[in-house]
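Right, one structure below, let's go through it.
What follows draws every value from the coordinates through simple rules; no lab data is involved. What you see is a predicted model, and the numbers here were worked out from it, not measured in a lab. All Cβ positions, glycine included, derive from the backbone under ideal geometry; neighbour counts span all protein chains shown.
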């Protein structure tokens, strides 16, 4: 493009400068539009996030100023706190059972609801609805369902001639009640699996049919391999969600259940923070939980090269 000389000097005005100023003006307008979100992120997310790092190295009870104690919180947490290990074990056990069960049931339901039959949309809606019910409402509902005297589960077992246990009041059953409850909302992941099934190319099934593959072999060699990216996503989200389980335990067994069998890590963290006002110690617990989730997520990401298949 031509350059325009001004006053016979060496200053030049390039036509691209107008475009740059226009781009800068558009960027400024865009940032102004998203500024409420940015302000909320910095004030309510990033700042508390950074502040919790500092508090994890202090002794702080909200009332008094924070006192620097270095790694004392972490040392006590890892060497002297029995409840830390007990709650961590409960949470790990819960994740190891509930996450694989949720994946298996979610994939199975998606395959069943992928059938092209009349009225299938109604069944998809029925299975999806529990996943959008608020967790507090679901917890209150299950308190009644698992009631040993008038609960729906024990009444159904009574009709079969079986005396049901006190689900939330006995150590072996209280924990598994939460595992059973976690499967109540499996419809949310089922919808994602269903979308993954719809995305599988039909020509793969046609090729398998020409090769004489049985329905079981089609599922094993076509459906499941093509579903691994979706399974991978739900596995990551399931692990994160399982390690953060709190609301159900807080509503149904706020004291940790019989013999601390439902004393999840997040519930113990909450009690340390708000029941005992030990914010520094609770912040240290939160960062230990954060690091554990990051490590587990990294391991799963590292393993995806061996079992996740992309493409047709």
(request) Let me know the Kirkwood hydrodynamic radius for region 111-237, please, with Cα pairs as the basis and the value in Å to one decimal. (result) 17.6 Å
(message) If I stretch the segment between residue 169 and residue 23 completely, what's the gain in nm (0.36 nm per residue apart, minus their alpha carbon distance), one decimal?
(response) 46.1 nm
(request) At 0.36 nm per residue, minus the direct Cα-Cα distance, what do residue 195 and residue 298 gain on full extension? Give it in nm, one decimal, please. (result) 34.5 nm
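On alpha carbon coordinates alone, what is the Rg over Rh value for the chain, Rh being the Kirkwood radius? Don't skip to the answer; put the middle values down first.
Details: Rg = 27.3 Å, Rh = 24.2 Å.
Result for the chain is an Rg/Rh of 1.13.
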(message) Applying a 10 Å radius around every beta-carbon, put 232-244, 257-269 in order of their mean neighbour count, most first.
(response) 257-269, 232-244
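Can you give the relative contact order of the chain as a percent, counting alpha carbon pairs under 8 Å and 6+ residues apart?
Working: 308 pairs, mean separation 81.5, N = 312.
RCO, the chain: 26 percent.
Determine the relative contact order of region 34-192: mean sequence separation of Cα pairs under 8 Å and six or more apart, normalised by residue count, in whole percent.
Dividing the mean separation by the residue count of region 34-192 yields 21 percent.
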(request) Would you please put 20-31, 198-209 in order of how densely packed they are, using the mean number of other Cβ atoms within 10 angstrom per residue and starting with the highest? (result) 198-209, 20-31
(message) If I stretch the segment between residue 63 and residue 114 completely, what's the gain in nm (0.36 nm per residue apart, minus their alpha carbon distance), one decimal?
(response) 12.7 nm
(request) Starting from the Cα of residue 93, move 7 Å in the Cα-to-Cβ direction to define the label point; list residues of region 101-144 whose amide nitrogen is under 20 Å from there. (result) 101-102
(message) What whole-number distance in Å separates the alpha-carbon centres of region 110-154 and region 49-99?
(response) 35 Å
(message) Just to verify a number: FRET efficiency for residue 50 and residue 30, C-beta to C-beta distance, R0 = 25 Å, to 0.05?
(response) 0.45
(request) Give me D for region 16-68 in µm² s⁻¹, whole number, from Stokes-Einstein with Rh from the Kirkwood sum over alpha-carbon pairs, 37 °C and 0.692 mPa s. (result) 232 µm²/s
(message) Going by average Cβ density within 10 Å per residue, which order do the peptides 114-120, 172-178 take, highest to lowest?
(response) 172-178, 114-120
(request) Using just the helices of the chain, give the 222 nm mean residue ellipticity in deg cm²/dmol: DSSP H runs with n ≥ 4 each add -39,500 (n - 2.57), and the total is spread over all residues, rounded to 500. (result) -20500 deg cm²/dmol
(request) Indicate the gyration tensor shape class of region 18-149 (rounded, prolate or oblate), computed on the Cα atoms with a ≥ b ≥ c the square roots of the eigenvalues: a/c under 1.5 is rounded; otherwise a/b larger than b/c is prolate and the rest oblate. (result) oblate
(message) Can you give the Rg/Rh ratio of region 203-309, where Rg is from the C-alpha atoms and Rh is the Kirkwood radius?
(response) 1.23
